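*Asks:* Quick one: this structure, given as structure tokens, is what I'll be asking you about.
The values are calculated or read from the model by the stated rules, or taken from the named source; none is laboratory data. Remember, it's a predicted structure, so these values are computed and weren't measured experimentally. Because the Cβ atoms are built from the backbone with ideal geometry, glycine has one as well, and the counts that use them run over all protein chains shown.
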Amino acid sequence: MPRILVIGGSFAGLGAVKSIIQKTKSTIDPFEVFLVEPKLGILNILGIPKAVIDPDFAVKSFVSYERANIYWDSIKLQDGMEFDTKAVLHSENGDKPNVGIFAEEIAYNQNVKLHFIQGRVFEISKDSAIIQMAKLDKGKLPEKYQPTSKPEEIHISFDSCIIASGRTRNWPLDPLASTERELRAEMTESLEKIVQANKIVIIGGGALGVELAGEIKSDFPEKHVSLIHPHGDLPPEALVGDKFKEQTLEFLKNLEVEVLLNTRVENEHEDGTLQMTDGREVKSDLNFWCNYKRNNVEFLNKHFPSVFAANGDILVTHQFEMKNQDGEIIKNIFAVGDLADLPLVKTAGWAFREGCQAGINAVLQTLGETEGYEAINKDFLNKGGMLLVVGPKQSVCIDFLGVLTVNEPEHLEMYKDYRLSGMFGTYGLNE
Ligand SMILES: Cc1cc2nc3c(=O)[nH]c(=O)nc-3n(C[C@H](O)[C@H](O)[C@H](O)COP(=O)(O)OP(=O)(O)OC[C@H]3O[C@@H](n4cnc5c(N)ncnc54)[C@H](O)[C@@H]3O)c2cc1C
């Protein structure tokens, strides 16, 4: 049976699974699809700036596969997981259509055997993968969350692979949790730290740092919040233009966030005080390191060490096939979403769309067909397309045509819950 491996079950990975199910409806051979993902659901990472100060909101932002109307032929879980496998196994649910998580109703497709493995891909070669039954390694992960035993390993072969493993940031901004319960515990811990701190410093003025500063200062106006950024403007995305950046800065100042530009942290003392490269010392009770993000691509290092752009993203063709620095195309491995080296502002929308397109291409590649591949729409490359909120009352957006809108009521409404309720339809859930 032809086999496709999808690495990562967030926006890009689920987009890929959706389109594979649709594309294989009319194929002669049945396909096997393996999705490998450490979480037992999808976390709306867009809302993490609010989730770290609101555990109830965090839990709502996590859509467990138990609630997502997607039916699997097999599920392999890590030890001790609280998960109602029967609710989502195809064998227990007849030929129920797969509704919901794929944004539209998809009648059960007998041509696909869908398997879920709760793990992380540790290594891939051209046609096989080693999977570890373990959580991801997050930056600045407290000792108590570190794994204590060596994980079980599984080896699987594939004809085609879609890499959709995105990016990791520092804990708690990128929680370790696999389930709602674990997420509540982690976010309660982060809230307690914020409540106890009088002076909070956010290091890094990307979307995460800016939105986090906005959320903390809006909910806790009495706290002193500083944002440190090494450049003269923020956020760093070059494609959004100067006006977007000026507006972002103004919003931060409106909320009385102290913004320190053109300076870097040299050292963090044990008491949280930050030693800056310009000689200043910044006192702090709690630091959020929003300057760190790492593509989840370590599994490529052994067999594909030269598929990376200078910024660490995976080099791809416009059809999402992975390629080497010398231009050689690895035709059966695709990379999509945040980690693909394409000139656009990285968003969930793009990740989902790219995943859908790569899913189609992976099916065609596996069937040996060279016609009909989907490619990224070049009209959208090198364009803006970003929306930032700085607290619940301030938003700035630049669209693909370069039109800037400020405090648009529709945007403020959508971002009250960081687009979560808009996504309920996608997840097939009722509010
Ligand atoms: C604070 C913040 C605000 C944002 N706001 C917006 C916004 O308003 N609008 C918007 O469109 N976008 C926004 N984004 C960007 C958006 O979240 C990303 O573009 C999107 O999440 C990318 O999706 P992805 O599927 O490529 O990767 P990710 O969402 O990063 O998902 C990758 C998945 O792969 C899994 N994984 C990682 N490594 C492995 C492995 N080795 N094996 C198996 N699985 C693995 C992870 O567990 C994860 O579930 C925001 C991002 C942040 C951080």
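*Asks:* Pairs under 8 Å by beta carbon, first residue at negative phi and among the basic types (Lys, Arg) in region 403-421, partner in a loop (DSSP other than H, G, I, E, B) and surrounded by 14 or more Cβ atoms within 10 Å (Cβ to Cβ), six or more apart or different chains?
*Replies:* Lys416/Pro392
*Asks:* Here is a follow-up. Between Leu89, Leu77, Leu46, which is touching a helix residue (DSSP H, G or I) at 6+ places or on another chain (Cβ under 8 Å), farther than 30 Å from Met386 by Cβ and among the aliphatic types (A, V, I, L, M)?
*Replies:* Selected residue: Leu77, the only one of Leu89, Leu77, Leu46 that is touching a helix residue (DSSP H, G or I) at 6+ places or on another chain (Cβ under 8 Å), farther than 30 Å from Met386 by Cβ and among the aliphatic types (A, V, I, L, M).
*Asks:* Taking Phe122, is it part of a strand (DSSP E or B), modelled with pLDDT of 90 or more and of a type outside the set (Ser, Thr, Tyr)?
*Replies:* Taking the combined requirement at face value, the residue satisfies it.
*Asks:* Can you find, within region 313-356, the residue that is surrounded by the fewest Cβ atoms within 10 Å (Cβ to Cβ) among those that are assigned to a helix (DSSP H, G or I) and of a type outside the set (A, V, I, L, M, F, W, C)?
*Replies:* Looking at the filtered set, the residue picked out is Gly349.
*Asks:* Something else: Which one of Lys23, Lys50, Lys39, Lys60 is within 26 Å of Phe288 (Cα to Cα) and more than 13 Å from the ligand (Cβ to nearest atom)?
*Replies:* Testing whether each residue is within 26 Å of Phe288 (Cα to Cα) and more than 13 Å from the ligand (Cβ to nearest atom) leaves just Lys60.
*Asks:* Output the residues belonging to region 18-36 that are of a type in the set (A, V, I, L, M), out of contact with any Leu (no Cβ under 6 Å at 6 or more places or on another chain) and outside any loop (DSSP other than H, G, I, E, B).
*Replies:* Within region 18-36, Ile20, Ile21, Leu35, Val36 meet the criteria.
*Asks:* Residue under question is Thr168, and the condition is that it be over 20 Å from the mean Cα position of the chain (by Cα) and not in a loop (DSSP other than H, G, I, E, B); does it hold?
*Replies:* no
*Asks:* Sort through Glu32, Glu37, Glu66 and tell me the only one that's acidic (Asp, Glu) and buried (at least 24 other Cβ atoms within 10 Å of the Cβ).
*Replies:* Glu37
*Asks:* For region 5-15, indicate whether the set of residues that are touching a helix residue (DSSP H, G or I) at 6+ places or on another chain (Cβ under 6 Å) and away from the ligand (no atom under 11 Å from the Cβ) is non-empty.
*Replies:* No, region 5-15 contains no residue that is touching a helix residue (DSSP H, G or I) at 6+ places or on another chain (Cβ under 6 Å) and away from the ligand (no atom under 11 Å from the Cβ).
*Asks:* Further question: Step by step: first the residues of region 157-175, then only those that are surrounded by fewer than 22 Cβ atoms within 10 Å (Cβ to Cβ), over 30 Å from Leu367 (Cα atoms) and in contact (Cβ under 8 Å) with a residue 40 or more places away in the chain, then the one that is nearest to the ligand (Cβ to nearest atom). Which residue is that?
*Replies:* Arg167
*Asks:* Something else about it: Could you please give the count of residues in region 125-147 that are among the aliphatic types (A, V, I, L, M) and at pLDDT 95 or above?
*Replies:* Counting residues in region 125-147 that are among the aliphatic types (A, V, I, L, M) and at pLDDT 95 or above gives 4.
*Asks:* Kindly provide the set of residues from region 218-233 that are surrounded by 23 or more Cβ atoms within 10 Å (Cβ to Cβ) and in contact with a Lys or Arg (Cβ under 7 Å, 6 or more places away or on another chain), ordered by number.
*Replies:* Residue satisfying the conditions is Val225 alone.
*Asks:* Do you know which residues across region 385-399 are within 13 Å of the ligand (Cβ to nearest atom), surrounded by 14 or more Cβ atoms within 10 Å (Cβ to Cβ) and in a loop (DSSP other than H, G, I, E, B)?
*Replies:* Gly385, Val390
*Asks:* Report yes if Ala177 is of a type in the set (A, V, I, L, M) and closer than 19 Å to Tyr418 by Cβ, otherwise no.
*Replies:* yes
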